[in-house]
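Every number here is computed from the coordinates shown, using simple stated rules; none is lab data. Treat the numbers as computed from the prediction; the structure is a model and nothing was measured. Cβ atoms come from the backbone with ideal geometry, glycine included; neighbour counts cover every protein chain shown.
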Amino acid sequence: MNIERFNKLKENFKNRNIDVEYFDSLEDVKLYLLDVIPLDCKVGIGHSGTLQKMNITELLIQRGNIVYDKELGKDRNESKAIKKEALLSDWYISGSNAVSVDGRIINVDHSGNRVAAITFGPDKVIIVVGVNKVVDTVKEGINRVKNIASPLNAKRAGYNPPCVELNKCVDCSSKERVCNYLSIVEGQTDGNRMKLCIVNEECGF
Ligand code: SF4
């Protein structure tokens with residue numbers, strides 16, 4: 001990502017009261033997270049290939065944080081209970097499906113737990129996004145989450161809505177629809193709550 005584009009993105013998010021930091025690598029983000037999150041805090045994790053690649057759940061648990069990551073649940077009910085606990089954690093770390101240079105964070109969720117926690121609950125939220133998910137406009141962001149992220153996420157999770165075969169969204173009403181909740185973060189009231197970390201790596205999809 002060139003510096004001019006990043007500066008434009010940062011400025012647009014600043015106008016919406018969201019701070020943005022740039023990192024050269026996921027390793028740098030990992031060190032940043034371990035530095036800023038206090039040891040005595042409860043941390044919720046939004047399911048994300050980017051966060052899994054960083055191994056952040058295990059690292060936080062190993063050093064003593066209480067971590068709510070649905071992947072730690074032994075079955076569906078336990079995972080659901082963990083998702084609820086994550087909504088009331090002190091910190092929440094999540095990936096995102098798309099971030100636009102015009103200053104929006106765009107996500108789709110199957111059950112809504114991640115977009116709920118990003119919107120309200122945890123006092124601190126950090127969104128980690130690879131450069132492959134940066135688009136120019138919110139319209140392109142919605143296009144990305146529907147036609148790129150959703151089919152791949154559906155396939156990964158073992159669901160089979162039409163976009164898995166077609167590699168594009170057909171606005172289905174399938175029982176296996178994975179994009180039930182579309183969220184666009186347009187800004188925030190408390191500028192110290194949510195922070196966006198852009199990583200100069202391809203992360204997730
Ligand atoms: S509406 Fe259906 S086809 Fe479109 S992205 Fe969502 S699950 Fe896929």
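General remarks:
- C-alpha center-to-center spacing [region 1-75, region 88-146] in angstrom: 12 Å
- Sorted by Cβ density within 10 Å, fewest first, the residues D90, D136: D136, D90
- Difference of contour (0.36 nm per residue) and Cα-Cα distance, K168 to E85: 26.5 nm
- Backbone HN-Hα couplings from phi across region 12-26 [Karplus 6.51/-1.76/1.60, Hz, Gly and Pro as x]: 5, 6, 4, 5, 10, 6, 10, 7, 10, 10, 10, 10, 6, 8, 5
- Residue exposure proxy: K168, K83, K30, ordered by other Cβ atoms within 10 angstrom of their Cβ from fewest to most, comes out as K168, K30, K83.
- Using the Stokes-Einstein relation with a Kirkwood hydrodynamic radius computed over Cα pairs, the translational diffusion coefficient of the chain at 4 °C and a viscosity of 1.567 mPa s comes to 76 µm²/s.
- Cα centre as origin, Lys/Arg/Asp/Glu Cβ charges: region 56-119 dipole, Debye: 140 debye
- DSSP beta bridges in region 53-187 [antiparallel fraction, %, rounded to 5]: 55 percent
- Neighbours of G204, meaning other residues whose beta-carbon lies under 14 angstrom from its beta-carbon, give a summed charge of +4 when Lys and Arg score +1 and Asp and Glu score -1.
- Assigned charges on the beta-carbon of Lys, Arg, Asp, Glu; region 3-199 dipole about Cα centre (debye): 560 debye
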